[in-house]
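These notes concern the structure reproduced below.
Each reported figure results from applying straightforward, stated rules to the coordinates on display, with no laboratory input. Keep in mind that what you see is a predicted model, and the values were worked out from it rather than measured. Every residue, glycine among them, receives a Cβ derived from its backbone with ideal geometry; neighbour counts consider all protein chains shown.
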Amino acid sequence: MCLGVPGRIISIDESPVGMPMARVSFAGIVKEVCLAYTPEASVDDFVVVHVGFSISVIDEAEADRVFAYLREMNELGELEIPQPEATP
Amino acid sequence: MKYVDEYRDAADSQKMLAAIHQRVTREWTLMEVCGGQTHTLIKFGIDRMLPEQVQIVHGPGCPVCVTPLEMIDRAIAIARMPNVIFTSFGDMLRVPGSETDLLSVKAAGGDVRIVYSPLDAVRIAEQNPHREVVFFAVGFETTAPANAMAVWEAAHRGVLNFSMLVSHVLVPPAMEAILSAETNRVQGFLAAGHVCAIMGYHEYEPIAQKYRVPMVVTGFEPLDLLHGTLMLIEMLEDGRIGVENQYARAVRREGNTVAQQTVSQVFMAGERKWRGIGEIPASGLSLRPEYAAHDAELRFAVGTITADEPAECISGAIMQGHQKPHQCPAFGTRCTPERPLGAPMVSSEGACAAYYNYGRVLA
């Protein structure tokens, strides 16, 4: 139910009723999305979209954090991949 | 797809899994409170790849599953009325009420329509000024801003034939209900990322302190869930309590304050019954009195319906982490997605449906 899909804003326009609306591309599929809750979002930003509303602008620096952690662990040589266990 | 595919990378997931295996020294029981996370954990087999000492139980994280039976019956009663167009997200349609479900009402000639966004329901109301258009507002904090905006827009544009049947629930009171139970065995929480994208996570901090548990705000992709699990296990192993944020690319501590303002203008908190669990104080949202004209419960006199759960369904025990779906005697036999006894077997996000669909029948 709380599904949020990340998409890139390709254009922003004002709808006739005054709600800020944007066209957002989800890997090529384009949908109209309400930007009322992320007024700071601009074209080319990635936003998390839930039931037609943008709820958060994705922070690119934070998005890399998990990979930075993995690189760091790799350099320390601390990650040995466990052997898969047999499952029933 | 950017911000999705890279978080599903198998090699990176194996590395994160290795880190979890290295870190665990004893048994831990963790809980997620999000149907989307339940789905990812089971679909990708993460629950089976974690060390044996780590058990993830699935909390009441599926709004469809916790919507009380009498609310489904109210929805059905309204949907059957002759002049009504009843609109809903798709996953509510097959949830069993005490006698039937919304899809059967549609099959019998009722005008029941699936919408993608609550704003679509407002559009339908504008296009059908002589019909009553009702939207079934079910969801957690993530969905509340969208539903609040639909009511706000209908009120401000004078769309008087639009109303909402509200069954909104809030996550923190449910976490407290689980943590305060004598039988609680949950030692740490993976907090749901998109709920926190709206509400932030400052309201979790006093709960973490009060019950002495760690929590990690976590995203929805496999690598997010593994990273969140690792962070939570590190907190548990180190004896740290508090709230950390794995999903920082989308969640800030204060949340989305613009959305919070609209929600508090339109909705107010109140007691709400959770299917399988019971009444939890201040755990739901209802429309404020100034939006009473758009409140379907006041507009259609169906508020007195009461109903009992099917005795055989153990969804309450499952959603409180006491039992797993396949431990239910009816699982996969008398209760299947085609003929469900309870809501968690219906919704694609329900724990029982996830276990059934991804082959945990013989687990």
Discussion item. Given a 10 angstrom Cα cut-off, can you work out which residue in B:Ala18, B:Ala307, B:Ala107 is the most mobile in a GNM of chain B?
Written reply: B:Ala107
Worksheet, complete the sentence: Note to self: C-alpha centroids of the range B:190-241 and the range A:13-54 sit apart, in Å, by 28 Å
Practice prompt. Select from the range B:253-313 those chymotrypsin sites (Phe, Trp or Tyr not before Pro) which occupy a DSSP coil region and have at most 16 other Cβ atoms within 10 Å, ordered by residue number.
Written response: none
Worksheet, complete the sentence: GNM of chain B, Cα pairs under 10 angstrom: of B:Ala125, B:Ala248, B:Ala154, the biggest fluctuation goes to B:Ala248
Worksheet entry | Lone cysteines, chain B (no partner Cβ under 4.7 Å) | B:Cys34, B:Cys196, B:Cys313, B:Cys328, B:Cys335, B:Cys352
Worksheet item: What shape does the range B:225-329 take by its C-alpha gyration tensor, where a ≥ b ≥ c are the square roots of the eigenvalues and a/c under 1.5 counts as rounded, a/b above b/c as prolate, and the rest as oblate?
Response: oblate
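Counting other Cβ atoms within 10 Å, which GluC sites (Glu not before Pro) in the range B:91-197 have at most 13 and lie in a DSSP loop?
The qualifying sites are B:Glu99, B:Glu182.
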Worksheet item: Between the DSSP loop rule and a limit of at most 12 other Cβ atoms within 10 Å, which chymotrypsin sites (Phe, Trp or Tyr not before Pro) in the range B:87-168 are left?
Response: B:Tyr116
